[in-house]
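A.B. asks: Have a look at the structure that comes next, please.
The values are calculated or read from the model by the stated rules, or taken from the named source; none is laboratory data. Just so we're clear, the structure is a prediction, and the values are computed from it rather than from any experiment. These area figures cover heavy atoms from the full protein model, side chains too; ligands, DNA and RNA do not enter into them. Shrake-Rupley method; radii C 1.70, N 1.55, O 1.52, S 1.80 Å.
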Amino acid sequence: SHGNKEVFSCRGILLAVQWFWDRGHKDITVFVPSWRKEQPRPDVLITDQHILRELEKKKILVFTPSRRVGGKRVVCYDDRFIVKLAHECDGVVVSNDTYRDLQSERPEWKRFIEERLLMYSFVNDKY
């Protein structure tokens, strides 16, 4: 949301990570589809892409799998990675996604998502 739905803003990810880091949370994992590492297309803009590599080096960011089959991109369902890790670590999911589909997938996920989903917003560069 930092890119106002016009661009994928890697700076927004960094601002969110920094906000939690400054408050003492050190076990932070960011999931991003691996195709975000590719050269951006004019219809799918991405800014400050180097931030993704920097966060990956610090072991904060994990790229979820994707591949090309017959010239088309095939991506995994990264929401499942997010909820599964947060549930296993007794963590919090920071997202504006409601994960409705995953709530019905596993009973323990339903309660977890209801109680441990932290939604957010940006006001310019303020997280």
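A.B. asks: Classify region 77-121 from the C-alpha gyration tensor, please: rounded if a/c falls under 1.5, else prolate or oblate depending on whether a/b exceeds b/c.
C.D. replies: Numbers: a/c = 1.35, a/b = 1.22, b/c = 1.10.
Note, shape of region 77-121 comes out rounded.
A.B. asks: Would region 33-92 count as rounded, prolate or oblate if I go by the C-alpha gyration tensor, calling it rounded below 1.5 in a/c and otherwise prolate when a/b exceeds b/c, oblate otherwise?
C.D. replies: Details: a/c = 2.48, a/b = 1.37, b/c = 1.81.
The shape class here is oblate.
A.B. asks: Determine the per residue accessible area of the chain with all protein chains present and a 1.4 angstrom probe, expressed in square angstrom. Mind dumping the intermediate values first?
C.D. replies: Values: 8660 Å² over 127 residues.
I get 68 Å² per residue for the chain.
A.B. asks: Can you give the convex hull volume of the alpha carbon atoms of the chain per residue, in Å³?
C.D. replies: On the way: hull volume 15.9 nm³, N = 127.
That works out to 125 Å³ per residue.
A.B. asks: Over region 38-127, with every protein chain in place, what whole percent of the accessible area is carbon and sulfur at 1.4 Å, could you tell me?
C.D. replies: Values: 3290 of 6400 Å².
So the carbon and sulfur contribution to the accessible surface is 51 percent.
A.B. asks: First check a/c for region 1-71, with a ≥ b ≥ c the square roots of the eigenvalues of its C-alpha gyration tensor; if it is under 1.5, answer rounded, and if not, answer prolate when a/b is larger than b/c or oblate otherwise. Could the numbers behind the result be given before it?
C.D. replies: Working: a/c = 2.63, a/b = 1.51, b/c = 1.75.
The shape class here is oblate.
A.B. asks: Take the cross-link list K26/K110; K5/K84; K84/K110; K37/K58 and give me the ones stretching past 18 Å between alpha-carbons.
C.D. replies: Details: K26/K110 26 Å; K5/K84 26 Å; K84/K110 12 Å; K37/K58 16 Å.
Checking Cα-Cα distances, K26/K110; K5/K84 exceed 18 Å.
A.B. asks: Sticking with this structure for a sec: Report, for region 1-73, the % of DSSP beta bridges that are antiparallel, rounded to 5. If you can, show how the numbers build up before the last one.
C.D. replies: Values: 3 of 9 bridges.
Roughly 35 percent of the DSSP beta bridges within region 1-73 come out antiparallel.
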